[in-house]
1. Calculate the radius of gyration of the Cα atoms of chain B to one decimal place, then report Dmax, the largest Cα-Cα distance, as a whole number, both in Å.
2. Give me the extension gain from A:Glu69 to A:Ser287: residue separation times 0.36 nm, minus the current Cα-Cα distance, reported in nm with one decimal.
3. In whole Å, how far is the Cα centre of the range B:116-170 from that of the range B:1-62?
4. Between A:Ala88 and A:Asp111, 0.36 nm times their residue separation minus their Cα-Cα distance comes to what?
5. What does the structure give for A:94-104 when I average, per residue, the other chain Cβ atoms found within 10 Å of the residue Cβ?
6. Using a Förster distance of 60 angstrom, determine the FRET efficiency expected from the C-beta separation of A:Phe119 and B:Thr102, and round it to 0.05.
7. Kindly express, to the nearest 10 degrees and within the range 0 to 90, the angle between helix B:19-28's C-alpha long axis and the longest C-alpha principal axis of chain B.
8. Name the longest site-free stretch of chain B, where the excluded sites are GluC sites (Glu not before Pro) in a DSSP loop with no more than 14 other beta-carbon atoms within 10 Å.
Amino acid sequence: MAEEATFRVKTGLAEMLKGGVIMDVVNADEAKIAEDSGACAVMALERVPSDIRRDGGVARMSSPRMIKEIQASVSIPVMAKVRIGHFAEAQVLESLNIDFIDESEVLTPADESNHIDKFEFKAPFVCGATNLGEALRRLGEGAAMIRSKGEAGTGNIVEAVRHMREITKGIRHLGTLSSTELPTAAKELGAPLELVRDVATRGWLPVPLFCAGGIATPADAALMMQLGAEGNFVGSGIFKSDDPARRAKAIVEATTHFNDPERIAAASEDLGEAMPGIEMSTLGEESRLAGRGW
Amino acid sequence: MGSAAVRPKIGVLAVQGGFATHLAHLNSAGAAAVEVRTPDDLVGLDGLILPGGESTTITMGIEAAGLEEGIREHHREGKPVLGTCAGMIVADRDHLGLIDITTRRNAFGRQLASFEDEVEVEGIDGGPVHGVFIRAPWVETVGPGVEVLAELRGHPVAARQGPVTVVSFHPELTADDRIHRWFAGSASAAAGNRRAGEGEEPGEQAERRQQD
């Protein structure tokens with residue numbers, strides 16, 4: 001008897017995205033450019049994070065029409081974002097036959113206390129995390145993939161590096177603990193004990209871990225893969241640069257051949273200007289997206 | 001594999017997709033598994049797996065890395081190839097042309113229609129295989145000389161032509177490693193035959209390889 005929407009089917013798609021680049025797109029033309037440049041999936045949204053940052057106001061789920069147009073224009077998986085805790089937006093996306101839902105801090109949170117109960121949905125979810133405890137809380141709610149939060153829309157990789165190191169350091173630390181010490185670790189992480197035990201045994205998360213938030217260059221993509229990311233999300237970094245198609249191809253190349261500096265150097269030639277970046281110290285606490293969610 | 005068998009060296013195309021789990025399954029099935037990212041990685045392989053992932057991404061990655069000719073050469077030498085999900089598409093008549101089939105992408109639907117089900121696969125003993133189908137393709141048309149090994153919902157989901165086998169599901173996503181054991185066994189047998197044909201005992205070859 002066939003079974004749909006099992007956890008294995010949900011994480012199965014995340015497994016198939018590994019080693020690839022998921023690109024933010026705001027219309028069908030950009031989606032086509034992303035697919036033709038080797039993206040393994042696209043993230044459909046109204047405005048890329050750097051524009052959300054600039055425009056301010058409330059950022060919400062994309063319009064269903066735009067999502068349908070993007071679905072019709074490409075054959076790769078189409079993802080879309082919902083506000084943290086906004087399960088009705090997630091219901092709408094699921095009704096549109098979306099392939100993956102990102103419960104994202106890039107949009108304005110709808111619930112300051114609770115994330116979505118992701119087990120309630122057939123669609124798989126990806127969620128952002130800044131450290132291992134946060135990653136495990138999202139898994140406890142049913143996420144099928146974890147990504148670093150980074151600091152979206154800044155073109156600055158420093159926060160993604162911090163988050164990826166925090167998560168992998170947390171995983172390594174659990175591996176050094178005895179079974180007696182794991183319940184205390186779970187308490188300190190604020191994470192379900194069962195997941196803490198699972199991660200300690202595997203030496204890795206039970207789902208794929210990707211990087212997001214700040215990738216602007218091929219070398220950024222390679223850096224994150226070498227730090228343990230199993231794939232990359234690139235938001236503003238591609239379509240806010242001078243030559244999106246070439247930069248997209250180069251970031252795909254760097255994500256595959258992340259251990260081959262000569263290839264990355266060759267891919268990085270003649271790309272034109274990267275997106276303008278933002279230094280963290282110029283970004284006030286209220287403008288930081290990574291603090292959204294818990 | 002018996003003790004006298006050659007331990008096969010099997011490459012897994014590591015351009016994009018679910019290659020890491022294939023490597024783990026191959027190692028537990030007794031093969032020496034390696035990642036394939038460059039043409040050099042294809043040298044000396046006894047078998048090659050084309051994994052799941054996004055077929056458009058993988059096809060472009062093969063071209064960008066200049067792997068196409070090396071994979072065709074591997075196939076011309078009669079060495080075994082296993083394509084899973086996107087790997088089945090990459091191997092078909094419209095892509096690398098390793099097997100005379102055409103495929104339909106995302107044939108069962110988008111992710112919400114992805115599923116797990118039992119599949120009887122000809123040549124795999126011990127009961128049905130638990131198939132995980134993720135935005136899976138099916139085989140649309142088969143040429144002469146292609147043997148359909150499994151069907152589901154009225155469509156072929158596994159096929160073989162000579163040393164090339166394709167399945168539209170993901171044997172690497174379950175703990176059942178029968179398909180990997182079968183593939184490692186056929187890569188080992190083909191390597192043994194090749195080496196015997198070269199007038200060399202498999203043991204000598206293996207020994208020489210260790211010294212390389």
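Quick note: the coordinates plus some simple rules give every number you see, no bench work behind them. Treat the numbers as computed from the prediction; the structure is a model and nothing was measured. Every residue, glycine as well, gets a Cβ built from its backbone with ideal geometry; the counts of neighbours run over all protein chains shown.
1. Using the Cα atoms of chain B, the pair Rg, Dmax is 16.4, 54 Å.
2. Working: separation 218, 0.36 × 218 = 78.48 nm, distance 3.14 nm.
Stretched fully, the A:Glu69-A:Ser287 segment lengthens by 75.3 nm.
3. Answer, in whole Å: 20.
4. On the way: separation 23, 0.36 × 23 = 8.28 nm, distance 1.18 nm.
Roughly 7.1 nm would be gained on extension.
5. On the way: counts 1, 1, 2, 5, 3, 6, 1, 0, 0, 0, 0.
Per-residue shielding by partner chains comes out at 2.
6. Working: r = 38 Å, r/R0 = 0.64.
Given R0 = 60 Å and the Cβ-Cβ separation, E is 0.95.
7. Roughly 50 degrees between the two axes.
8. Numbers: sites that count: B:Glu77, B:Glu120, B:Glu122, B:Glu198, B:Glu200.
Longest run free of exposed loop sites: B:1-76.
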